Amino acid sequence: MLKLSAAIITMALSFAASAQPVDGDLVLEYKHYYSEFDKYVCKDTTEKAITIPEEVKDLKLSFEDLNVSIFLDNAILIAEYKEGETDCRYSALYNIDKNAKIITAAETKAFDLSGDKSCETGKSKVDLLLQKLEYVVLHDHITVKFLTTSLKEVCGENSDSVLLAFKRIRKK
């Protein structure tokens, strides 16, 4: 019984540590719903994952999570990207317009994970891509619409976007 309890505590601590922000990230100060990036889809989260949009590939941008306040008025998105050989971490604090189903970046931040280089050029590019996004809750995902025309062959000729699907995990 003691071994099982120790294993459960260790597992819980490792999960809690992985859900914690990196020192320097923007954070939501109150309880929120936690979700981690799952996949790119054309229109619905029940679809199979599709390829990465060109704009994301160019920046070597990878999404980590999207956390939404329990009041549904703010959200925070965490991602990482490469600027040359520098590994950069990006966070954006969003205001949510529930009526229009739009999230708009109020504050963004980027920094070198090793702490000694600038990430400002890449940050400007990521800011442009992620400044204002339409969101929708589908099934067990929170999704944001990412404008791109690079996946017309996958999502259809009239497609102008893909969905970034974040799988809902729990409330913090």
Output the qualifying pairs, or none if there are none: Cβ atoms under 6 angstrom, residues six or more apart or on different chains, first residue in segment 100-125 and at positive phi, second residue loosely packed, with under 13 Cβ neighbours inside 10 Å and among the basic types (Lys, Arg).
-> none
Flagged in segment 141-154 as surrounded by fewer than 16 Cβ atoms within 10 Å (Cβ to Cβ) and polar (S, T, N, Q), in numbering order, are Thr149
Which one of these is of a type outside the set (S, T, N, Q), without any contact (Cβ under 8 Å) to a residue 40 or more places away in the chain and under 20 Å from Asp38 (Cβ atoms): Leu128, Leu151, Leu147?
-> Leu147
Sort through Glu83, Glu157 and tell me the only one that's more than 14 Å from the chain's Cα centre (by Cα), farther than 15 Å from Gly24 by Cβ, at pLDDT below 95 and crowded, with 18+ Cβ neighbours inside 10 Å.
-> Glu83
Read through the list (1) modelled with pLDDT of 95 or more; (2) surrounded by fewer than 20 Cβ atoms within 10 Å (Cβ to Cβ), then give the number of the only condition that Ile103 fails.
-> (2)
Looking at segment 52-61, is at least one residue part of a strand (DSSP E or B), under 16 Å from the mean Cα position of the chain (by Cα) and either in contact (Cβ under 8 Å) with a residue 60 or more places away in the chain or under 14 Å from Ile142 (Cβ atoms) (or both)?
-> no
May I ask you to list the residues in segment 32-57 that are farther than 26 Å from Ala110 by Cβ, surrounded by fewer than 18 Cβ atoms within 10 Å (Cβ to Cβ) and not aliphatic (A, V, I, L, M)?
-> Cys42, Lys43, Asp44, Thr46, Glu47, Lys48
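Each row is one residue, and each column tells you yes or no for (1) under 21 Å from Leu59 (Cα atoms); (2) surrounded by fewer than 17 Cβ atoms within 10 Å (Cβ to Cβ); (3) modelled with pLDDT under 95; (4) not basic (Lys, Arg).
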{"site": "Tyr90", "(1), (2), (3), (4)": "yes, no, no, yes"}
{"site": "Lys109", "(1), (2), (3), (4)": "yes, yes, no, no"}
{"site": "Leu113", "(1), (2), (3), (4)": "yes, yes, yes, yes"}
{"site": "Ser118", "(1), (2), (3), (4)": "yes, yes, yes, yes"}
{"site": "Thr121", "(1), (2), (3), (4)": "yes, yes, yes, yes"}
{"site": "His139", "(1), (2), (3), (4)": "no, yes, yes, yes"}
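The values are calculated or read from the model by the stated rules, or taken from the named source; none is laboratory data. Since the model is a prediction, treat every value here as computed from it, not as a measurement. In this analysis, Cβ positions are derived from the backbone assuming ideal geometry, glycine residues included, and neighbour counts consider all displayed protein chains.
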